[in-house]
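Colleague: Let me give you the structure first, and then I'll get to my questions.
The values are calculated or read from the model by the stated rules, or taken from the named source; none is laboratory data. Computed from a predicted structure; not experimentally measured. Don't worry about glycine lacking a Cβ; one is built from the backbone with ideal geometry, like all the others, and counts go over all protein chains shown.
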Amino acid sequence: MSFQHHLAGNVLVITLEGNLLGEHSNTPVLELLKGNLEQGNKKVLFNLANLKFINSTGLGMLMTALTKTRNAGGEMALCNIPEQMKKILAITKLENIFPTYDDEAAALRFLQA
């Protein structure tokens, strides 16, 4: 798994690519998130357009990111969710926990409101 990131106004946008599987690949993303929250940027968007596969560990990383962000008084959203992941979110009943959007522009409007 690899990732890109940029700031869109006050929102940290993290674009995940490849397979979101293991603990070792999750650490850099969570470190980036932690640094961002410490700097006072409390809005985070995960763009999943290029995500090929996610397992329970990857889902756990997104849950950890959501918890850390909300505990810091912020908000997190997901956008461009692949069909396979939409099914996983439905099966695990997590679809109601994550704010989800079809595209980055809609998610940014939510987070910047």
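Colleague: Could you look through the range 61-74, keep only residues that are free of Cβ contacts under 8 Å to residues at least 24 places away in the same chain and not charged (D, E, K, R), and pick out the one that is farthest from Gln4 (Cα to Cα)?
Modeller: Asn71
Colleague: Somewhere in the range 29-48, is a residue touching a residue at least 12 places away in the same chain (Cβ under 8 Å), surrounded by 13 or more Cβ atoms within 10 Å (Cβ to Cβ), of a type in the set (Val, Ile, Thr) and under 16 Å from Thr100 (Cβ atoms)?
Modeller: yes
Colleague: Further question on the same structure: With the condition kept exactly as written, say whether any residue in the range 14-22 is assigned to a helix (DSSP H, G or I), at pLDDT below 95 and acidic (Asp, Glu).
Modeller: No, because not a single residue in the range 14-22 is assigned to a helix (DSSP H, G or I), at pLDDT below 95 and acidic (Asp, Glu).
Colleague: Filter the range 44-56 down to the residues that are closer than 16 Å to Lys93 by Cα and either of a type outside the set (Gly, Ala, Ser) or within 10 Å of the chain's Cα centre (by Cα) (or both) and list them by number.
Modeller: The answer is Ile54, Asn55.
Per-residue answers, yes or no, for (1) of a type in the set (A, V, I, L, M, F, W, C); (2) free of Cβ contacts under 8 Å to residues at least 40 places away in the same chain:
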{"residue": "Met76", "(1), (2)": "yes, yes"}
{"residue": "Cys79", "(1), (2)": "yes, yes"}
{"residue": "Tyr101", "(1), (2)": "no, yes"}
{"residue": "Leu108", "(1), (2)": "yes, no"}
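Colleague: If a residue has to be farther than 24 Å from Gly18 by Cβ, crowded, with 20+ Cβ neighbours inside 10 Å and not hydrophobic (A, V, I, L, M, F, W, C) to count, how many in the range 75-113 make the cut?
Modeller: Final tally of qualifying residues: 0.
Colleague: Within the bounds of the range 24-37, is there any residue that is part of a loop (DSSP other than H, G, I, E, B) and of a type in the set (Lys, Arg)?
Modeller: no
Conditions (1) among the hydrophobic types (A, V, I, L, M, F, W, C); (2) over 14 Å from Thr15 (Cβ atoms); (3) touching a Gly at 6+ places or on another chain (Cβ under 7 Å), marked per residue:
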site	(1), (2), (3)
Val29	yes, no, no
Leu32	yes, no, no
Gly58	no, yes, no
Thr64	no, yes, no
Thr69	no, yes, no
Lys87	no, yes, no
Ala90	yes, yes, no
Phe98	yes, yes, no
